[in-house]
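The values are calculated or read from the model by the stated rules, or taken from the named source; none is laboratory data. This one's a predicted model, so the numbers in the text were calculated from it and none came from an experiment. Cβ: placed from backbone, ideal geometry, glycine included. Neighbour counts: every protein chain shown.
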């Protein structure tokens, strides 16, 4: 990637959202630059999490800040090569996705998780997460597994959001030349 190129959110049904992701094998200046761009893009879109496939980058990396506010950098996290070691409890909650703008659905997730991952310093961490941070990580990890919001929708959700999904699909397909 040319680091002068701005990253952009990849919208459904872009095929890049379904490319298998590869593990990050080294923390490089390029990775640090992309992570900084991902945070800027996430904040610019009023998001709380963003996975690498959502910017067309097929690696196992995600960023999050549960506050959704760049003024709270202490809540920022970079999660590299994540694995969920344990899930506890279940709860339903509303989720949106930057790759599905304006669409919100109820999704069942574990209430708390134990996460193993690497940080931007290359350190392996094992940590418990609960409530919103746990939900964000689970949502963004879905992207790393090529599971999209549409895959989490009930039949009723698909009907309710049909027009918006059709708009996204139509915008992705170039109009034929006349």
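Please verify whether residue 40 is at pLDDT 95 or above, assigned to a helix (DSSP H, G or I) and within 19 Å of residue 152 (Cα to Cα), treating the condition exactly as stated.
Numbers: at pLDDT 95 or above: yes; assigned to a helix (DSSP H, G or I): yes; within 19 Å of residue 152 (Cα to Cα): no.
The answer is no for residue 40.
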Discussion item. Residue under question is residue 147, and the condition is that it be within 29 Å of residue 25 (Cα to Cα) and touching a helix residue (DSSP H, G or I) at 6+ places or on another chain (Cβ under 9 Å); does it hold?
Written reply: yes
Worksheet item: Which members of the stretch 98-141 meet the condition of being part of a strand (DSSP E or B) and touching a residue at least 60 places away in the same chain (Cβ under 8 Å)?
Response: 100, 101, 102, 103, 118
Worksheet item: Yes or no: residue 172 out of contact with any strand residue (DSSP E or B) (no Cβ under 6 Å at 6 or more places or on another chain), under 25 Å from residue 58 (Cβ atoms) and surrounded by fewer than 17 Cβ atoms within 10 Å (Cβ to Cβ)?
Response: yes
Worksheet item: Restricting attention to the stretch 9-36, which residues are in a helix (DSSP H, G or I) and farther than 29 Å from residue 166 by Cα?
Response: 29, 30, 31, 32, 33, 34, 35, 36
